[in-house]
Amino acid sequence: MSPLTITSRDTATGPVLEITGDLDYESAPDLRKTLDSLTLTGGQLLILDLAGLEFCDSSGITTLLAARNLATELGGGMALAAVPANTARILSIIGLDRVFTIHPDTSTATNPSSTAR
């Protein structure tokens with residue numbers, strides 16, 4: 001098990017959370033606390049950079065959905081970046097690849113000319 005690490009930084013388009021380690025039943029509350037403390041204004045985009053994500057269980061997936069819901073409630077949007085193959089496969093199987101906007105990397109996600117879905 002790899003401990004969850006969340007690093008936050010601001011970009012011109014909105015906050016980016018770099019998530020590394022395991023996002024599971026034990027660590028998902030840590031991400032929820034970080035999300036609750038975020039400042040996201042209308043029109044901004046929350047990016048979850050998953051390049052360092054090693055494992056994600058159903059609690060982690062639920063937390064990703066909670067992040068999307070929070071961003072929407074605050075008048076912003078949310079996208080995933082650099083989703084690892086195993087997590088992308090799970091998102092595809094359960095149909096969430098059609099719910100989340102997914103970018104190959106953070107630089108693409110934070111590029112204002114990127115098209116969001």
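A few notes on this one:
- Flag if LEU4 is farther than 14 Å from SER59 by Cβ and touching a helix residue (DSSP H, G or I) at 6+ places or on another chain (Cβ under 6 Å): no
- Of all the criteria given as (1) among the aliphatic types (A, V, I, L, M); (2) farther than 22 Å from ASN111 by Cα; (3) not in a loop (DSSP other than H, G, I, E, B), the one not satisfied by MET1 is (3).
- Long-range neighbours under 9 Å by Cβ, at least six apart or interchain, first residue touching a residue at least 24 places away in the same chain (Cβ under 8 Å) within the range 51-80, second surrounded by 21 or more Cβ atoms within 10 Å (Cβ to Cβ) and of a type in the set (Asp, Glu): LEU80/ASP49
- Listed by first and then second residue, the pairs with beta-carbon distance under 8 Å, at least 6 apart or on different chains, first residue in the range 1-16 and of a type in the set (Asp, Glu), second surrounded by 12 or more Cβ atoms within 10 Å (Cβ to Cβ) and at pLDDT 95 or above, are ASP10/VAL16.
- Filtered by the rule that a residue be over 11 Å from the mean Cα position of the chain (by Cα), surrounded by fewer than 17 Cβ atoms within 10 Å (Cβ to Cβ) and either under 21 Å from THR11 (Cα atoms) or at pLDDT below 95 (or both), the range 46-73 gives GLY52, ASN69, THR72, GLU73.
The values are calculated or read from the model by the stated rules, or taken from the named source; none is laboratory data. Worth saying up front: this structure is predicted, and the values here are computed from it rather than measured. Here Cβ is always computed from backbone atoms with ideal geometry, including for glycine, and neighbour counts include all displayed protein chains.
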